[in-house]
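Read the figures in this text as sums done on the coordinates, not as results from a lab. Predicted, not measured: the structure shown is a model, and the values here were computed from it. Cβ sites come from the backbone with ideal geometry, for glycine too, and all protein chains shown count toward neighbours.
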Amino acid sequence: WPVKSAEFILSLLKNAEANADTKGLDTSNLIVKHIQVNQAPKQRRRTYRAHGRINPYMSNPCHIEMILTEGEEVVQKAPEAAGREAVRLNNRQRAQRNRRAITAA
């Protein structure tokens with residue numbers, strides 16, 4: 001893992017845990033509901049080189065959005081009908097099935 005990026009995420013998780021504790025939430029039951037990292041505008045600086053040259057020295061910051069929620073009780077999924085299996089069809093197969101249903105009727 002990239003060490004610097006992982007440290008930022010870890011510090012955000014610790015901060016979120018402290019905020020949840022302050023709000024009276026159960027910190028051992030927190031789960032990450034949403035996390036999103038977006039690019040921020042680059043910050044331009046200069047680095048001075050030999051023979052009077054100047055090169056750009058850019059940083060790549062980001063915006064990190066994280067939403068934590070308390071875990072809810074896990075509910076078991078209802079069993080599906082035994083006779084019918086879930087079949088995934090592509091567009092061509094779906095169109096053929098629809099044509100057959102129309103012509104059969």
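Table for the structure above
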| item | result |
| --- | --- |
| Among N29, A6, A16 - extreme Cα towards positive end, dipole of the chain, charges at beta-carbon | A6 |
| Cut-off under 5 Å, modelled amide H: who pairs with L25 long-range | none |
| Per-selection Kirkwood Rh - the chain (Cα, Å, 1 d.p.) | 20.3 |
| Helical contribution to [θ] at 222 nm, DSSP H n ≥ 4, -39,500 (n - 2.57), averaged over the chain, rounded to 500 | -11000 deg cm²/dmol |
| Summed side-chain charge close to E17 - residues other than E17 whose Cβ falls under 13 Å, Lys, Arg +1, Asp, Glu -1 | -1 |
| Listed residue (A78, T103, N55) projecting farthest to the positive dipole end of the chain, Cβ model | N55 |
| Region 3-72: relative contact order in percent, alpha carbon pairs under 8 Å with at least 6 residues between | 34 |
| Neighbour net charge for I31 - beta-carbon separation under 14 angstrom, K R +1, D E -1 | -4 |
| Calculated from backbone phi, Karplus (6.51, -1.76, 1.60) coupling profile of region 6-14 in Hz, x at Gly/Pro | 5, 5, 5, 5, 5, 5, 5, 5, 5 |
| Net dipole in debye of the chain [+1 Lys, Arg Cβ; -1 Asp, Glu Cβ; about Cα centre; nearest 20] | 1260 |
| Amide H contacts under 5 Å for L30, placed H, 5+ residues apart | G71 |
| Loop trypsin sites (Lys or Arg not before Pro), region 14-44, which have at most 16 other Cβ atoms in a 10 Å radius of their Cβ (DSSP) | K23, K42 |
